[in-house]
Amino acid sequence: MSWAEYLKDNITTAKELANLLHLSEQEEKSMAAILEKYPMSVTHYYLSLINFEDEDDPIRKMCIPAIGEEDESGSLDTSGEKENTVLEGMQHKYPQTAMILSTNQCAMYCRHCFRKRLVGMSDEEVASQIHPVIDYIRGHKEINNALLSGGDAFLNTTSVIEEYLRELTAIEHLHMIRFGTRVPVVFPQRITEDRELLEVLKRYGKKKQIYVVTHFNHPRELTKEALAAIEGLKEAGIVIRNQTVLLKGVNDNPDILAELLQKLTKHGINPYYVFQCRPVAGVKNQFQVPLQKAYRIVQEAKNRQNGHGKSFRFVFSHPTGKIEIIGVLPDGRMIFQYHQAKYPENRGKILIRDIKEDQTWLEEDL
Ligand code: SF4
């Protein structure tokens, strides 16, 4: 069975959910209403990681919709992606990085996704043609890396991935190419069962360094299947880094987060960022952890790491940049610092703000 055929078997409907979770008719109706707005798609592999005996199972929370998704407070574009879109399917927020929305498809639709507005739904923001994107990058010599994102960049066919790599590796001023993908976590078979993808990555990786930025959130996701996919990528010469989102009920516990970071480091998946969950509609009230508490959890987990495990930054994405959460002062004020800034005057800037105990985000315009 090809990987695309395997995905056709994903759990996608309220009816399937009702059978799986023994939902009442009313609950099934509520689920169907949620799925109209935010689709569901869960691979059988990821489903097999859930402990269905436990209603609060963290793996379940990341893939099975909850009634809380009806809560529309928050925004669908929390970091100003629209404003940074310079042409169809391409954002240019930081001078050195071109971000390409290469698809709106994912192997699984994470319930905490910050691009809920488009994954599995609208393809308006997605690059329908490669060449305009390539021409833009070619014309902007300040860009030294291209990030293929989505959706999930590894949900593109291998021939589309190869086309991107052929074009991007030929651009002299690009130093590296990054793929944003959760495939190693939710659908490792895309990598382990399709040697062609690894061969393509290996071939073009000899021209420019390729990075895979993946997204493990819980130590239970580091299964032997996921690790086999990681091993395949490493053997192909890919550097692997990980972004974790701090999620209430999933990894908002120093023991869990510390174990995740230790395991990632052990397996050569360098922790890159831990993200504060964004105030996304349908996500915010279910998954956000208050900033002060979040900082303490992350710091406690960080304290238990070796130097490599400590190399990540705890950040949040704001329309004006990526802002690192540096610490909490004894009087409760918090210190932040721009890690990446859209505007030159903000580079490295430090912010000190009063943050209430239950505050989950910096809502102000910066
Ligand atoms: S794989 Fe990434 S883009 Fe796709 S739903 Fe999950 S978090 Fe969103």
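The values are calculated or read from the model by the stated rules, or taken from the named source; none is laboratory data. Predicted, not measured: the structure shown is a model, and the values here were computed from it. With ideal geometry, Cβ positions are generated from the backbone for all residues, glycine too; neighbour counts draw on all protein chains shown.
For region 195-247, how many residues are among the small types (Gly, Ala, Ser) and either at pLDDT below 95 or not assigned by TED's automatic domain parsing to the domain that holds residue 170 (or both)?
Applying the first criterion (among the small types (Gly, Ala, Ser)) to region 195-247 yields 205, 226, 228-229, 232, 236-237.
Among the residues that remain, those that are also either at pLDDT below 95 or not assigned by TED's automatic domain parsing to the domain that holds residue 170 (or both) are: none.
Counting residues in region 195-247 that are among the small types (Gly, Ala, Ser) and either at pLDDT below 95 or not assigned by TED's automatic domain parsing to the domain that holds residue 170 (or both) gives 0.
Screening residue 17 on (1) at pLDDT 95 or above; (2) surrounded by 17 or more Cβ atoms within 10 Å (Cβ to Cβ); (3) in a helix (DSSP H, G or I) shows it passes everything except condition (1). Reported count of residues in region 209-229, each being more than 16 Å from the ligand (Cβ to nearest atom) and part of a helix (DSSP H, G or I), is 6.
Any residue in region 161-177 that is in contact with a Ser or Thr (Cβ under 6 Å, 6 or more places away or on another chain) and either buried (at least 22 other Cβ atoms within 10 Å of the Cβ) or under 15 Å from residue 236 (Cα atoms) (or both)? Checked against the condition, which is being in contact with a Ser or Thr (Cβ under 6 Å, 6 or more places away or on another chain) and either buried (at least 22 other Cβ atoms within 10 Å of the Cβ) or under 15 Å from residue 236 (Cα atoms) (or both), region 161-177 yields no hits at all. Those residues that are touching a strand residue (DSSP E or B) at 6+ places or on another chain (Cβ under 6 Å) and either within 12 Å of the ligand (Cβ to nearest atom) or in a loop (DSSP other than H, G, I, E, B) (or both), I need them from region 128-147; list them, please. Passing the criteria: only 143.
Rundown of residues vs (1) at positive phi; (2) charged (D, E, K, R); (3) outside the structural domain of residue 37 (by TED's automatic domain parsing), yes/no style:
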position: 63; (1), (2), (3): no, no, no
position: 74; (1), (2), (3): yes, no, yes
position: 78; (1), (2), (3): no, no, yes
position: 89; (1), (2), (3): yes, no, yes
position: 96; (1), (2), (3): no, no, yes
position: 99; (1), (2), (3): no, no, yes
position: 103; (1), (2), (3): no, no, yes
position: 106; (1), (2), (3): no, no, yes
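Considering only residues in region 181-208 that are outside any helix (DSSP H, G or I) and crowded, with 22+ Cβ neighbours inside 10 Å, the one that is nearest to the ligand (Cβ to nearest atom) turns out to be 182. The number of residues in region 342-353 being modelled with pLDDT of 95 or more and in contact with a Lys or Arg (Cβ under 9 Å, 6 or more places away or on another chain) comes to 2. A residue that is away from the ligand (no atom under 16 Å from the Cβ) and out of contact with any Phe, Trp or Tyr (no Cβ under 6 Å at 6 or more places or on another chain) occurs somewhere in region 98-120. The one condition from (1) under 17 Å from residue 279 (Cβ atoms); (2) in contact (Cβ under 8 Å) with a residue 60 or more places away in the chain; (3) basic (Lys, Arg) that residue 61 does not meet is (1).
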